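Presented below is the structure to which this report refers.
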Amino acid sequence: MTTKPFGYGSGSGFGGAAQRNQYLADSVLSAPPARLLTMLYDRLLLDLGRAETAQQAANWPVASENLLHGQAIIAELMSSLKTDAWDGADGLLGLYNYAFTALVNANIQRDPALTREAIDLLEPLRQAWHEAAAAAPAPPAAAAFGSTHASSAPASSAFAGAGAWNTQPGSGGGSLGFG
């Protein structure tokens with residue numbers, strides 16, 4: 001007789017796909033802005049790493065799927081950025097535009113070097129946002145339960161430009177459910 005750890009089953013019970021998807025959706029909806037940003041960066045770099053691996057293996061459908069999702073994340077980051085809120089926003093927007101164009105060209109030209117260039121450009125930003133989010137004070141308890149007041153954004157000076165992100169649900173105009 002084989003046993004399975006608690007939570008692992010055939011789709012029913014706690015470990016089912018529907019429950020995992022609901023948990024992920026709930027964690028996104030309840031995450032503070034700094035956490036949403038780091039989640040976006042984590043997924044972006046995951047997609048780009050997968051795309052690069054698929055490009056090197058000449059698996060063009062998988063590469064394209066991951067590059068397109070990476071482009072969607074960058075578009076979300078761009079739409080969520082308030083360029084009038086802090087001095088560095090225009091530079092960050094330019095960097096996003098450059099990375100977005102590199103990913104479009106990486107897909108069209110099937111060029112893993114362009115994907116690598118985007119990874120090398122975005123990875124230090126991912127690390128910096130993680131460090132800034134970790135240094136920021138925890139949001140008030142109300143913010144963790146769906147409060148959308150501007151005060152729920154991290155107030156730490158370590159989270160430079162935190163006010164440059166739309167924190168109201170739906171205000172980012174993106175299609176990924178963030179912002």
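The values are calculated or read from the model by the stated rules, or taken from the named source; none is laboratory data. What you see is a predicted model; the values in this text were computed from it and never measured. We place every Cβ from the backbone using ideal geometry, glycine too, and count neighbours over all the protein chains shown.
Which of the numbered conditions does residue 58 fail, given that it passes all the others? Conditions: (1) at pLDDT 95 or above; (2) assigned to a helix (DSSP H, G or I).
(2)
Out of curiosity, is residue 175 under 24 Å from residue 49 (Cα atoms), at pLDDT below 90, not in a helix (DSSP H, G or I) and not aromatic (Phe, Trp, Tyr)? Walk me through how you get there before you give the answer.
On the way: under 24 Å from residue 49 (Cα atoms): yes; at pLDDT below 90: yes; not in a helix (DSSP H, G or I): yes; not aromatic (Phe, Trp, Tyr): yes.
It is true that residue 175 is under 24 Å from residue 49 (Cα atoms), at pLDDT below 90, not in a helix (DSSP H, G or I) and not aromatic (Phe, Trp, Tyr).
Could you please find all residues in the range 1-27 being aliphatic (A, V, I, L, M) and at pLDDT below 70?
The answer is 1, 24.
Can you work out which of the residues in the range 29-45 that are hydrophobic (A, V, I, L, M, F, W, C) and surrounded by 14 or more Cβ atoms within 10 Å (Cβ to Cβ) is farthest from residue 122 (Cα to Cα)? Steps first, please.
Going residue by residue through the range 29-45, those that are hydrophobic (A, V, I, L, M, F, W, C) are 29, 31, 34, 36-37, 39-40, 44-45.
Still in the list and also surrounded by 14 or more Cβ atoms within 10 Å (Cβ to Cβ): 31, 34, 36-37, 39-40, 44-45.
Values: 31: 22, 34: 17, 36: 16, 37: 13, 39: 14, 40: 12, 44: 9, 45: 8 Å.
By that ranking, first place goes to 31.
What pairs come out if I take residues in the range 110-125 that are on the phi > 0 side of the Ramachandran plot and pair them with residues that are modelled with pLDDT of 95 or more and part of a helix (DSSP H, G or I) whose C-beta lies under 8 Å away, six or more apart or interchain?
Partner pairs satisfying both residue conditions: 110/55; 110/60; 110/63.
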